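Participant: This is the structure, below, for whatever I ask next.
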Amino acid sequence: MPPQSGQPAHQQPFAYGPGPYQQAGPPAQKKRGGLIALLAVVVIVLAVGIGWGAATLFSKDSEDPATVASTDEPTNADSEDGSAAASTSPEPTDTESALPDDPKKALEQLADSDGQMAKSELDGKWVPQLSSKRVGLEAEGKTWDEEAILEEFEGLREEFPRVKLIWSGDFSSFKEDNFWVTVVGIGYDDPDDALSWCSSHGLGPDSCYAKQLNTSGGHDGTTRLQD
């Protein structure tokens, strides 16, 4: 058929198919296929990157000394030392806590330990004397026995922590050798200093006087009373 008038013979816009939009179909399909492929590549790259980052992070965490130290279990040595420390109680330091229940044995133990100190540190010194009692003595409204003597000493020691108990038979400066004597364990060269201790602690002549402790010689001149 000859071309119609007014339309050039070389213009044929629909030469590829019968439909008016058949020409645009194949390029659109190719474009979507390219986008899907690009998205797949991006997903793969992201997955690889995330996996590498997680592996690196976990590896560093496991190598971190602080992280390792926080999860370490205590060794057997640590456990044993802790148990030993927890089960070990301090030794009693108070002499009274180790005293026998029997009053006589308690007095003997006190006089033995305190007497040794007095002989080594107070020999020839003047000390304040607070009490002297023997079993069977009738004084201060009662008859004294070992239990009463021990109670008096413990009461004095609670009030004056530096007091000591000695046995008069261990020192030559006592006329009688069967008395439990309570003295303050502070030695003075001058008897007046020992008497000053008595007065400064509110103890009168009937409760405190100066006594010289000697392991040799006689008892004359070894006692000084308050005025």
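FYI, it's all coordinate maths here, none of it is from the lab. Keep in mind it's a predicted model, so treat the numbers as computed, not measured.
Participant: Between the alpha-carbon centers of the stretch 199-225 and the stretch 121-180, tell me the distance in whole angstrom.
Facilitator: Computed from Cα coordinates, the inter-centre distance equals 12 Å.
Participant: For LEU130, list long-range residues whose amide hydrogen, built 1.01 Å from N in the peptide plane, is under 5 Å from its own amide hydrogen.
Facilitator: Hits under the 5 Å cutoff: THR182, VAL183, VAL184.
Participant: If each residue of separation counts as 0.36 nm, what is the full-extension length gain between SER172 and GLU140 once their alpha-carbon separation is subtracted?
Facilitator: 8.9 nm
Participant: Of LYS104/LYS175; LYS164/LYS211; LYS133/LYS164; LYS119/LYS211; LYS175/LYS211; LYS142/LYS164, which ones are farther than 20 Å apart at the Cα?
Facilitator: LYS104/LYS175; LYS142/LYS164
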